[in-house]
Amino acid sequence: MGDFTANFSEWEFECSCGHLHTDNERIEPQFVQILQKVRDHFKRPINIISGYRCPLHRLTRLRPGSRHTLGVAADIVVAGIRPVRVATQVYNNFFPEDIAGLGINWEKGTVHVDARPFEDAAVWKYRHGRAETIKTSVRTALLNMTFLENKTYG
């Protein structure tokens, strides 16, 4: 049981930099409600790898415009489901109404989700520490990634 939603607690989204933070430096409750809908869809636990990032977090200095700093982004892992499948399901069921930012980090095995404005909707993949925007049809790109994943992991 969570203290934010049925399955999420506030501590799961705290910045991992190790500094003390004010009440204003935290994840947005409305965003957590969206993640609860995603969790309910999968019917599996979601591990929050990174939620809110404060100004002192090292990645905030590298990516100052990150949605993490606004409290409307998370890097997640859904228990027992490969990242490309998570991204595909999120895209098919929540993009762009609830989740308008979607990224796959192949090296870390995580999926980035964020609640950006609809007009800024974007899908990307991370390879070798760099984000590459998917310029083709998102649906085609996700199908291609699924095909590549199946060839790679068999």
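Tabulated values for the structure
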| read-out | value |
| --- | --- |
| Subset of the range 110-122 [without any contact (Cβ under 8 Å) to a residue 40 or more places away in the chain and surrounded by 21 or more Cβ atoms within 10 Å (Cβ to Cβ)] | VAL111, HIS112 |
| Of all residues in the range 81-109 being closer than 18 Å to PHE8 by Cβ and surrounded by fewer than 21 Cβ atoms within 10 Å (Cβ to Cβ), the one that is modelled with the highest pLDDT | ILE81 |
| Test set (1) within 16 Å of THR133 (Cα to Cα); (2) out of contact with any helix residue (DSSP H, G or I) (no Cβ under 7 Å at 6 or more places or on another chain) - GLY101 fails condition number | (2) |
| Positions within the range 58-74 being surrounded by fewer than 19 Cβ atoms within 10 Å (Cβ to Cβ) and either of a type outside the set (A, V, I, L, M, F, W, C) or under 16 Å from GLU10 (Cα atoms) (or both), in sequence order | ARG58, THR60, ARG61, ARG63, PRO64, GLY65, SER66, LEU70 |
| Residue in the range 10-18 that is aromatic (Phe, Trp, Tyr), out of contact with any strand residue (DSSP E or B) (no Cβ under 6 Å at 6 or more places or on another chain) and free of Cβ contacts under 8 Å to residues at least 24 places away in the same chain present | yes |
| Residue within the range 46-56 that is over 19 Å from GLN30 (Cβ atoms), modelled with pLDDT under 90, assigned to a loop (DSSP other than H, G, I, E, B) and out of contact with any His (no Cβ under 9 Å at 6 or more places or on another chain) present | yes |
| Residue match in the range 104-114 (condition: in contact with a helix residue (DSSP H, G or I) (Cβ under 9 Å, 6 or more places away or on another chain) and assigned to a helix (DSSP H, G or I)) | no |
| Pairs with Cβ under 7 Å, 6+ apart, first in the range 66-82 and more than 12 Å from ARG44 (Cα to Cα), second among the aromatic types (Phe, Trp, Tyr) and part of a loop (DSSP other than H, G, I, E, B) | HIS68/TYR52; GLY71/TYR52 |
| Some residue of the range 57-70 being outside any helix (DSSP H, G or I) and either on the phi > 0 side of the Ramachandran plot or touching a His at 6+ places or on another chain (Cβ under 6 Å) (or both) | no |
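The values are calculated or read from the model by the stated rules, or taken from the named source; none is laboratory data. Because the structure is predicted, anything quoted here is derived from the model rather than measured. All Cβ positions, even for glycine, are placed from backbone atoms using ideal geometry, and neighbour counts span all protein chains on display.
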